[in-house]
1. Cβ-Cβ under 8 Å, sequence separation 6+ or interchain: first residue in the stretch 77-106 and without any contact (Cβ under 8 Å) to a residue 12 or more places away in the chain, partner open to solvent by 30 Å² or more (accessible area, probe 1.4 Å) and of a type in the set (D, E, K, R). Which pairs?
2. I'd like the full set of residues that are out of contact with any Pro (no Cβ under 9 Å at 6 or more places or on another chain) and assigned to a loop (DSSP other than H, G, I, E, B), limited to the stretch 17-34.
3. Criterion first (open to solvent by less than 30 Å² (accessible area, probe 1.4 Å) and touching a strand residue (DSSP E or B) at 6+ places or on another chain (Cβ under 6 Å)) does V92 satisfy it?
4. Please report, ordered by residue number, the strands (runs of 3 or more DSSP E) entirely within the stretch 35-116 with at least 3 residues that are closer than 14 Å to G9 by Cα.
5. Here's a check for you: in the stretch 1-32, which residue that is over 26 Å from E88 (Cα atoms) and not small (G, A, S) is surrounded by the fewest Cβ atoms within 10 Å (Cβ to Cβ)?
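The values are calculated or read from the model by the stated rules, or taken from the named source; none is laboratory data. Source: prediction; values computed, not measured. Methodologically, a virtual Cβ is constructed for each residue, glycine included, from the backbone with ideal geometry; neighbour enumeration extends over all protein chains shown. In case anyone asks, the SASA skips ligands and DNA or RNA and just uses the protein heavy atoms, side chains included. Shrake-Rupley method; radii C 1.70, N 1.55, O 1.52, S 1.80 Å.
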Amino acid sequence: QGQLVESRGGVVQSGGSLRLSCAASGLTFSNYVMGWYRQAPGMERELVAKQTPGGSRQYADSVAGRFTISRDNGKSMVYLQMNTLKPEDTAVYYCNADLYGRGNIWGLGTQVTVSS
């Protein structure tokens, strides 16, 4: 079973930027759809962005144009660049590896807080 480890999040002011990274180990990284999800207090976990092994990206409407997901298959890393952050982006962010429904791995999550 593979493992995903997110970088530390943090506190950032509204309008600021933050970059999250996720290191994968113990899996054939290039076979997985890599994604970022988030969960705010009292809310369900939701997809933020995901990227297929071939490079196709999908974003939640709420972050499109502000967030960018990228991956480095050689380093088994996935990143989430978050710009123009808003207070409503405050959540625990989780890294996910999905083998097209045949396996799913989650990181432990990292807190991102956007202050107004």
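1. Between residues of the stretch 77-106 that are without any contact (Cβ under 8 Å) to a residue 12 or more places away in the chain and residues that are open to solvent by 30 Å² or more (accessible area, probe 1.4 Å) and of a type in the set (D, E, K, R), the close pairs are N104/D98.
2. S17, G26, L27, T28
3. Considered against the rule, which asks whether it is open to solvent by less than 30 Å² (accessible area, probe 1.4 Å) and touching a strand residue (DSSP E or B) at 6+ places or on another chain (Cβ under 6 Å), V92 comes out as no.
4. Here the list reads 77-82, 91-98, 110-115.
5. Filtering the stretch 1-32 for residues that are over 26 Å from E88 (Cα atoms) and not small (G, A, S), the one surrounded by the fewest Cβ atoms within 10 Å (Cβ to Cβ) comes out as Q1.
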